[in-house]
1. Contact list please: Cβ distance under 8 Å, first residue in the stretch 22-45 and on the phi > 0 side of the Ramachandran plot and surrounded by 16 or more Cβ atoms within 10 Å (Cβ to Cβ), second residue modelled with pLDDT of 95 or more and in a helix (DSSP H, G or I), pairs at least six apart or on different chains.
2. Please go through the stretch 48-66 and give me each residue that is free of Cβ contacts under 8 Å to residues at least 12 places away in the same chain and either closer than 16 Å to residue 14 by Cα or in a loop (DSSP other than H, G, I, E, B) (or both), ordered by number.
3. Quick check on my filter: what residues within the stretch 1-31 are within 18 Å of residue 94 (Cα to Cα) and either assigned to a loop (DSSP other than H, G, I, E, B) or modelled with pLDDT under 95 (or both)?
4. Quick one: which of 105, 71 is modelled with pLDDT of 95 or more, touching a helix residue (DSSP H, G or I) at 6+ places or on another chain (Cβ under 6 Å) and crowded, with 16+ Cβ neighbours inside 10 Å?
């Protein structure tokens with residue numbers, strides 16, 4: 001049975017909300033030094049990527065402006081990167097990529113139930 005895309009979109013938005021809340025008052029330097037926070041942010045980015053991977057292909061085709069493959073690829077890099085994760089890149093993703101992704105996801109109607 002196919003899961004409702006809204007379930008995965010909710011996971012994405014919840015993770016984005018957590019990332020925003022936990023990083024809003026941090027500088028890049030503090031983020032890099034704060035191991036519990038950057039570990040949790042990386043986990044939330046993995047959740048976002050996993051949710052994207054579970055969205056049905058036909059659903060993703062309906063929204064070609066969202067960089068689905070890039071998001072899923074980031075998840076793979078994070079999961080398989082282990083000790084090679086670039087925290088400055090993670091910080092850049094949090095500040096430059098997450099806000100427009102949130103906007104794009106919030107614009108998707110809930111018609112997919």
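The values are calculated or read from the model by the stated rules, or taken from the named source; none is laboratory data. Given the structure is predicted, the values throughout are model-derived calculations rather than measurements. Reconstructed Cβ throughout: ideal geometry from the backbone, glycine too, with neighbour counts over all protein chains shown.
1. Between residues of the stretch 22-45 that are on the phi > 0 side of the Ramachandran plot and surrounded by 16 or more Cβ atoms within 10 Å (Cβ to Cβ) and residues that are modelled with pLDDT of 95 or more and in a helix (DSSP H, G or I), there is no close pair.
2. Step one: of the stretch 48-66, the residues free of Cβ contacts under 8 Å to residues at least 12 places away in the same chain are 57-58, 60-62, 64.
64, the sole residue that qualifies.
3. Across the stretch 1-31, the qualifying residues are 24, 25, 26, 27.
4. 105
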